[in-house]
Amino acid sequence: SNNVTDLITQRRVVTTLSNLSTNRILRKKLLSLNPIQYVMSLAQKRDEHLWQGCVTIICNFSYENGSEHYLVSQGIVHTLLITALINSDSILTKIICVKALSNLLALHEDIEINDTIYKSNPD
């Protein structure tokens, strides 16, 4: 059905974006396209793959020094909290949400962050 095709396409887009966002140069380029509203809309779907992929993208973006204000101003904290506390049953998804939140709260000059980058697994 069309919904299944849409979901598979959305999963592929999210997986691709999450993998591209692991690269510092591509991450800057992706951020310059203001993708957060699109990522947040996909994070509202009822699908664990999309939740994990979307919070992975957000987490990777949160490593970009200076991106915090932009990400927070887009409403990303709400998306991370809803995903971690209500939507997702996956421990890994919850951990990625916490990591993204801690990155957004950190003062990069003062706090050393373990910069593990997460990659989504393709479906």
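Restricting attention to segment 52-85, the residues that are within 15 Å of Ser102 (Cβ to Cβ) and outside any helix (DSSP H, G or I) add up to 4. Which residues, counting only those in segment 1-10, are touching a residue at least 12 places away in the same chain (Cβ under 8 Å) and open to solvent by 50 Å² or more (accessible area, probe 1.4 Å)? Answer for segment 1-10, where residues must be touching a residue at least 12 places away in the same chain (Cβ under 8 Å) and open to solvent by 50 Å² or more (accessible area, probe 1.4 Å): Leu7, Ile8. Of all residues in segment 31-47, those satisfying the criterion of being surrounded by fewer than 14 Cβ atoms within 10 Å (Cβ to Cβ) and part of a helix (DSSP H, G or I) are Ser32, Gln37, Ser41.
Of all residues in segment 16-30, how many are open to solvent by 20 Å² or more (accessible area, probe 1.4 Å), part of a helix (DSSP H, G or I) and of a type outside the set (Lys, Arg)? Summing the residues that are open to solvent by 20 Å² or more (accessible area, probe 1.4 Å), part of a helix (DSSP H, G or I) and of a type outside the set (Lys, Arg) in segment 16-30 gives 7. Tally the residues that are touching a Ser or Thr at 6+ places or on another chain (Cβ under 6 Å) and either of a type in the set (Val, Ile, Thr) or on the phi > 0 side of the Ramachandran plot (or both), restricting the search to segment 1-54. Looking only at that region, the number is 1.
The values are calculated or read from the model by the stated rules, or taken from the named source; none is laboratory data. Just so it is clear, the model here is predicted, and its values are computed rather than measured. Note that we place each Cβ from the backbone using ideal geometry, even for glycine, and neighbour counts take in every protein chain shown. Heavy atoms of the whole protein, side chains included, go into the accessibility calculation; ligands, DNA and RNA do not. Shrake-Rupley method; radii C 1.70, N 1.55, O 1.52, S 1.80 Å.
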